[in-house]
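In what follows, a single structure is set out as structure tokens and then discussed.
Bear in mind these aren't lab numbers, they're just calculated from the coordinates by the rules spelled out. Bear in mind that the values here come from a model prediction, so they are computed numbers and not experimental data. Virtual Cβ from ideal backbone geometry, glycine too; neighbours counted across all protein chains shown.
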Amino acid sequence: MNITGRTTLCGLFGFPVEHSFSPMMHNAAFRELGLDWAYLPFAVKPDNLSVAVNSIRALDLAGVNVTVPHKEAVLPYLDELTTAAEMIGAVNVISNNNGKLIGDNTDGQGFTKALQQEPGFTVQGKKAVILGAGGAAKAVAVQLALEGLMEIKVINRTNDRAQDIAQKAGRLGVNHAVCNWEDNLVDIIANSDLVVQATNVGMYPDTEKCLPVSPDAFSPGQVVCDLVYNPVETKFLKMARANGAVTANGLGMLLYQGVLAFEQWTGSDAPVQIMREVLMNQMRGDKQ
Ligand code: NAP
């Protein structure tokens, strides 16, 4: 990377940040387009968050991504939030618009954009089941609701979190319900167009673990997504694919949340293929 006197800077605020693929993904995209930009990792301790956010203005950074543990805590320090960020209550992208800091959440948008690209799934009028009710589930559910989902069922161990997500979707006009792991999940899942596995279960290194869902819940015509991307195919996805469902892992969501941030900051179309290749290379390296 060739840093010059004119290089535009952006980066990532999180703690820790060393595991992130975003610096490699964005810097490869800048190189590909010949942009004099650089993306840096900033390990921001929770006590330093407000100073770090002010430094976006002071140092004239073009923007930053925000990751764990700051996605919710950062909200009070921003000047404006997009509808998605406000409804989700979390920010993963900040853009610096001449000193005005605008917070967005591209996690959910990244998820739906990936589904539109492959396998060509559109949300309008569809029924979805979300397994899990953490931060990622909330981002996905709110975006599905913003895009015209007809019905959502949320299943989670902790009932309060599932209720919160279902009610958020309900406020956007989506028919909503909360279910338990003890309910008849075969019927609930079989009746949905889209199934989203949004828990940590099955993630590396616990790749032998799988949610207690019967293979009979899946059928051809359904789209089943696992937000986990390491491993590339979880046991859950394997089971859904074996029963004929169209499946997708979490790589698309990771890729497109970055693509959308890149395009907000630079105003240029992102080189999606290069960004995808960088992520896949990083993932292969991560497992060695
Ligand atoms: P989170 O906020 O910590 O939420 C974790 C969720 O998993 C909660 O709903 C939790 O249930 C549930 N859970 C955990 N262990 C479980 C178990 N043994 N049985 C049933 N449910 C269990 O985490 P998150 O940020 O939402 O992340 C969730 C998953 O999405 C992770 O695998 C993460 O890697 C993935 N993710 C992917 C992307 C992407 O770009 N592809 C982005 C963000 C996250 P309780 O509420 O009952 O604890």
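For Ala242 and Asn281, what does the FRET efficiency come to when R0 = 30 Å and r is the distance between their Cβ atoms, rounded to the nearest 0.05?
For R0 = 30 Å, the calculated efficiency reads 0.60.
Relative to the Cα centre, what is the charge dipole magnitude of the chain, using +1 at the beta carbon of each Lys and Arg, -1 at the beta carbon of each Asp and Glu, and rounding to the nearest 20 debye?
It comes to approximately 140 debye.
In straight Cα distance, which lysines are under 26 Å from Lys153, not counting same-chain residues fewer than 8 positions off?
Lys153 reaches Lys71, Lys113, Lys126, Lys127, Lys138, Lys168, Lys209, Lys235, Lys238.
So how far, in whole Å, is the C-alpha centre of region 102-177 from the one of region 185-248?
Going from one Cα centre to the other spans 16 Å.
What distance in nm lies between label points placed 7 Å from Cα along the C-beta direction at Thr7 and His19?
Placing both labels 7 Å beyond Cα along the Cβ direction yields 2.7 nm.
With unit charges on the beta carbon (Lys/Arg positive, Asp/Glu negative), name the residue among Gly285, Val129, Val223 whose Cα is farthest towards the positive pole of the charge dipole of the chain.
Farthest towards the positive end: Gly285.
For a quick check, take a GNM of the chain with Cα springs below 10 Å and name the residue from Gly34, Gly252, Gly14 with the largest mean-square fluctuation.
Checking each option, the largest mean-square fluctuation is seen for Gly34.
If you count the DSSP beta bridges with both ends in the chain, what percent of them are antiparallel, to the nearest 5?
If I count the DSSP bridges inside the chain, around 20 percent turn out antiparallel.
Mind checking which of Leu149, Gln163, Ser55 is farthest towards the positive end of the chain's charge dipole, using Cβ charges of +1 (Lys, Arg) and -1 (Asp, Glu) about the Cα centre?
Ranked along the dipole, the leading option is Ser55.
What residues from region 54-93 fall in the zone where the backbone N is under 20 Å from a label point 7 Å along the Cα-to-C-beta line of Gln163?
Output list for this probe position: 88-89.
What residue among Gly103, Thr83, Val64 has its Cα farthest toward the positive end of the dipole of region 22-181, where the charges are +1 on Lys, Arg and -1 on Asp, Glu, each on the Cβ?
Highest projection toward the positive end goes to Thr83.
With the Cα gyration tensor of region 216-288 giving a ≥ b ≥ c as the square roots of its eigenvalues, does the rule (a/c under 1.5 for rounded; else a/b larger than b/c for prolate; else oblate) give rounded, prolate or oblate?
oblate
With a Förster radius of 51 Å, plug the Cβ-Cβ distance of Leu40 and Asp216 into 1/(1 + (r/R0)^6) and report the FRET value to the nearest 0.05.
Result of the calculation: an efficiency of 0.55.
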